[in-house]
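Visitor: Shown below is the structure under consideration.
The values are calculated or read from the model by the stated rules, or taken from the named source; none is laboratory data. As the structure is a prediction and not an experimental result, all values here were calculated from the model. Neighbour counts are summed over all protein chains in view; Cβ atoms, including those assigned to glycine, are modelled from backbone coordinates with ideal geometry.
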Amino acid sequence: MSALSTPDALLNGATIAFDLDGTLVDTAPDLVASLNAILAEEGLPALPFDDVRKMVGRGAKALLERGFAAAGAPLDADQAPALVERFVALYLGRIAHESTPFPGVVETLEDLRTAGARLVVCTNKLTHLSVALLDALDLTRHFDAVVGADSAPAPKPDPRHVLAAIAAVGGDPTRAVMVGDSINDVLAAKAANVPALLVSFGYTEAPVETLGGDLLIDAFSDTRSACISLLASCAPETTGL
């Protein structure tokens, strides 16, 4: 029998990298409120919650660019840095007013750590905003590292972001899984030769089942069993001799 044949053995020492917005935490309420506050300051109309929710996950600058375009006033390159800075300050001030972990997140993270998995956050959110959010929700303690877009060579969908996150916890890409909700998570994982596990309740403009993930789950509590399945498919075959 292979040393990696049991579920606990498959998880022990494996790296599970998690996207943050739309995967671990429902951050849309605070992000939408912060974006609409910036739009109001600029004399622009507020955007509907459901429209902005689909824009989340690519970082602050991308959210502003897409938000201003949707409001009918494409963001001017010269004003972008100041507006991004203002947005970050506003968002940091309400980082977890309405944001909450998705059901099953805390229990699942505890279970994965008990099984010996190395857990890391791999997000296009800025690292200090990510840590502030995780701290506010008492989630930081579950992770061995937090690698935001500014802490990687390039943000997702660049595979170097996923590889940097795995390296940050001393992990092995051949024994890793990327858990996310968007096309950027899939593209980054695939290019890094890491299986992509997608959640169906996150933030994506295209239907999640069309994104090309290796597995799709409807409840976060299914993460453990899905990771075991993906890790088993990557485990080296043995002859049994």
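Visitor: When the residues of the range 93-112 are narrowed to those that are among the aliphatic types (A, V, I, L, M) and within 22 Å of T15 (Cα to Cα), which ends up surrounded by the most Cβ atoms within 10 Å (Cβ to Cβ)?
Guide: L109
Visitor: For the range 162-181, check the following and say yes or no: at least one residue is hydroxyl-bearing (S, T, Y) and closer than 16 Å to R58 by Cβ.
Guide: no
Visitor: Filter the range 56-80 for residues that are buried (at least 17 other Cβ atoms within 10 Å of the Cβ), in a loop (DSSP other than H, G, I, E, B) and free of Cβ contacts under 8 Å to residues at least 40 places away in the same chain and give the result.
Guide: A71, L75
Visitor: Taking the condition under 25 Å from K61 (Cβ atoms) and outside the structural domain of F201 (by TED's automatic domain parsing), does D158 pass?
Guide: Considered against the rule, which asks whether it is under 25 Å from K61 (Cβ atoms) and outside the structural domain of F201 (by TED's automatic domain parsing), D158 comes out as no.
Visitor: Take the residues in the range 203-241 that are at pLDDT below 95 and of a type in the set (S, T, N, Q), then tell me which one is surrounded by the fewest Cβ atoms within 10 Å (Cβ to Cβ).
Guide: T239
Visitor: Hey, does the range 47-55 have a residue that's assigned to a helix (DSSP H, G or I), outside the structural domain of L129 (by TED's automatic domain parsing) and either basic (K, R) or over 22 Å from L90 (Cα atoms) (or both)?
Guide: yes
Visitor: Among (1) assigned by TED's automatic domain parsing to the domain that holds H142; (2) in contact with an Asp or Glu (Cβ under 9 Å, 6 or more places away or on another chain); (3) not in a loop (DSSP other than H, G, I, E, B), there is one condition A33 misses while meeting the rest; what is its number?
Guide: Single failed check for A33: (1).
Visitor: May I pose another question? When you look at T23, is it in contact (Cβ under 8 Å) with a residue 40 or more places away in the chain, hydroxyl-bearing (S, T, Y), surrounded by 13 or more Cβ atoms within 10 Å (Cβ to Cβ) and in contact with a Phe, Trp or Tyr (Cβ under 9 Å, 6 or more places away or on another chain), yes or no?
Guide: yes
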